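The values are calculated or read from the model by the stated rules, or taken from the named source; none is laboratory data. Computed from a predicted model, the values in this text were never measured in an experiment. Counting neighbours? That spans all protein chains shown, and the Cβs are built from the backbone with ideal geometry, glycine included. Keep in mind that these areas ignore ligands, DNA and RNA; they rest on the heavy atoms of the full protein, side chains included. Shrake-Rupley method; radii C 1.70, N 1.55, O 1.52, S 1.80 Å.
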Amino acid sequence: MISGFLIGIGLAYLLTLFHVDQAIIAGIKDIIRIDIGHSGFYLLLGIVGGISRVMIGGFITGLVVAYIFTFIKIDHVIIEGLKEWFKYDMSMGGYYLLFAIIGAAVSFLKVVRVFLRPIFFVFGAKEKKNSR
């Protein structure tokens, strides 16, 4: 857990070097309405890394997917679609944060599925045995 926290802090430092931190901080301010600042940004990524290093990978993957969508001009379609469906005006920071959170959540759910697979296998085997 501590190593994941330190990896998260290291990732926050790298994202600060590439100026991605401003987009994430602005996204949190836009979506959750909380101004976390730089210290909160480091703490957020440290906590995400402490919970699961896999979530850090999903977080980065979500940012990469958001960037690719921006590169091929799909970002405006997504932002306008969210505005139309949910009546919520989102900035580019919110857009990047949304993809980062979705990436982290999907990674976390994959880990949960891997850990729960043996349980479902055991219950599935008992049900097949009883039906014979």
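Only one of the numbered conditions (1) on the phi > 0 side of the Ramachandran plot; (2) at pLDDT below 75 is not met by Lys87, and that is (2).
For every residue, the table says whether it meets (1) assigned to a helix (DSSP H, G or I); (2) within 20 Å of Val106 (Cβ to Cβ); (3) open to solvent by less than 30 Å² (accessible area, probe 1.4 Å); (4) free of Cβ contacts under 8 Å to residues at least 24 places away in the same chain.
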| residue | (1), (2), (3), (4) |
| --- | --- |
| Ile24 | yes, yes, yes, no |
| His38 | yes, no, no, yes |
| Ile47 | yes, yes, no, no |
| Ile68 | yes, yes, no, yes |
| Gly81 | yes, yes, yes, yes |
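The residues of the stretch 4-22 that are more than 14 Å from Met55 (Cβ to Cβ) and open to solvent by 30 Å² or more (accessible area, probe 1.4 Å), listed by number, are Leu6, Ile9, Gly10, Tyr13, Leu14, Thr16, Leu17, Phe18, His19, Val20, Gln22. Filtering the stretch 1-45 to residues that are more than 20 Å from Gly58 (Cα to Cα) and of a type in the set (D, E, K, R) leaves Lys29, Asp30, Arg33, Asp35. For the stretch 83-98, the tally of residues that are open to solvent by 40 Å² or more (accessible area, probe 1.4 Å) and over 14 Å from Tyr67 (Cβ atoms) stands at 8. Do we find that Val122 is open to solvent by less than 90 Å² (accessible area, probe 1.4 Å) and at pLDDT below 85 in this structure? Answer is yes for this residue. Here Arg33 meets the list (1) in contact (Cβ under 8 Å) with a residue 24 or more places away in the chain; (2) on the phi > 0 side of the Ramachandran plot almost entirely, failing just condition (1). Taking Gly62 as meeting all but one of (1) within 13 Å of the chain's Cα centre (by Cα); (2) closer than 21 Å to Ala23 by Cβ; (3) open to solvent by 80 Å² or more (accessible area, probe 1.4 Å), write down the number of the exception. For Gly62, the exception is condition (3).
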